[in-house]
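Data block below; observations after.
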Amino acid sequence: MSKTLDFIFDFGSPNAYLVWKALPGVVTRTGARVNVIPCLLGGLFKLTGNQSPMAAFGGVKGKLEYERLETQRFIDKHGITAFRFNPHFPVNTLLIMRGLLAARRVNMGDAFLEAVLKAMWEDGRKMDDPAVVAEVLGEAGLDATAILDATQDPGIKAELAANTNAAAARGAFGIPTFFVDDEMFFGKERLGQVEEQLL
């Protein structure tokens, strides 16, 4: 029986984009089902006392340079050619994370996910600007007005908060985090270990 991979996800993490692009190979080799769980990275940081790598390690000589090297190695290994670091980073993702949940309610979650990831990490769009988000969704053939209106629904807001709280309760402190049953893995560099756990 194939296993389920829980992927704790926020559009604001470039590593979440990179993992998403590498996951099809993992799925092909393992037969796993990927369950993307939308969470708010900033919320996880607050709940766990964590902070971004730039804030945490900016003063450590060589650390961020090594992180960039690891990122380039990952990109090269998985043949990810379209990635461009977003010039507006860091982006407040509250609207688009709620939007993903709203899109799922009308069976458009996959299309929303792909469109927003492309806008964030390939096209360099400013995805905390509602007008830009509406434009991106319209270009993807989605009903931008309906989705953005739904982001104000108390149920959508509560679902995102509940997902974030539940992820922290499971031990997540950042993104990308993965769970295979009760085993947790953090970071794109753990994808090989994730695949072994799925076999």
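For this structure, a couple of remarks:
- The phi-based Karplus calculation (6.51 cos²θ - 1.76 cosθ + 1.60; θ = phi - 60°) puts the 3J(HN,Hα) values of segment 91-101 at 9, 6, 9, 3, 5, 6, 6, 5, x, 4, 5 Hz, whole numbers, x for Gly and Pro.
- For the chain, modelled as a GNM whose springs connect Cα atoms under 10 angstrom apart, the maximal fluctuation among Ile37, Ile80, Ile156 occurs at Ile80.
- Carbon and sulfur %, accessible surface of the chain computed with the full protein complex present, 1.4 Å: 53
- Segment 1-63: trypsin sites (Lys or Arg not before Pro) in DSSP coil with no more than 10 other Cβ atoms inside 10 Å: Lys61
- For segment 24-95, the gyration tensor built on C-alpha atoms gives an oblate shape. Its axis ratio a/c (a ≥ b ≥ c) is at least 1.5, and a/b is not larger than b/c.
- Solvent-accessible area per residue in the chain equals 51 Å², computed with a 1.4 angstrom probe and all protein chains kept.
- Peptides 189-199, 100-110 ranked from most to least packed, by the mean per-residue count of other Cβ atoms within 10 Å: 100-110, 189-199.
- Length added when fully stretched, Gln193-Phe85, from 0.36 nm per residue minus Cα-Cα: 36.3 nm
- Taking other residues whose beta carbon is less than 12 angstrom from the beta carbon of Arg125, and scoring Lys, Arg as +1 and Asp, Glu as -1, yields -3.
- Most tightly packed first, judged by the mean number of other beta-carbon atoms within 10 Å of their residues, the peptides 8-20, 83-95, 114-126 read 8-20, 114-126, 83-95.
- Around Val26: net Lys/Arg minus Asp/Glu count, Cβ-Cβ under 12 Å: +4
- The alpha-carbon of Lys126 sits under 29 angstrom from the alpha-carbons of these lysines, leaving out residues fewer than 8 places away in its chain: Lys21, Lys46, Lys63, Lys77, Lys118, Lys157, Lys188.
- Amide H partners (placed H, <5 Å) of Leu5, local residues excluded: Arg33, Val34, Asn35
The values are calculated or read from the model by the stated rules, or taken from the named source; none is laboratory data. Because the structure is predicted, anything quoted here is derived from the model rather than measured. Cβ coordinates were reconstructed from backbone atoms using ideal geometry, including for glycine residues, and neighbour counts include every protein chain displayed. The area values use the complete protein model at the heavy-atom level, side chains included, leaving out ligands, DNA and RNA. Shrake-Rupley method; radii C 1.70, N 1.55, O 1.52, S 1.80 Å.
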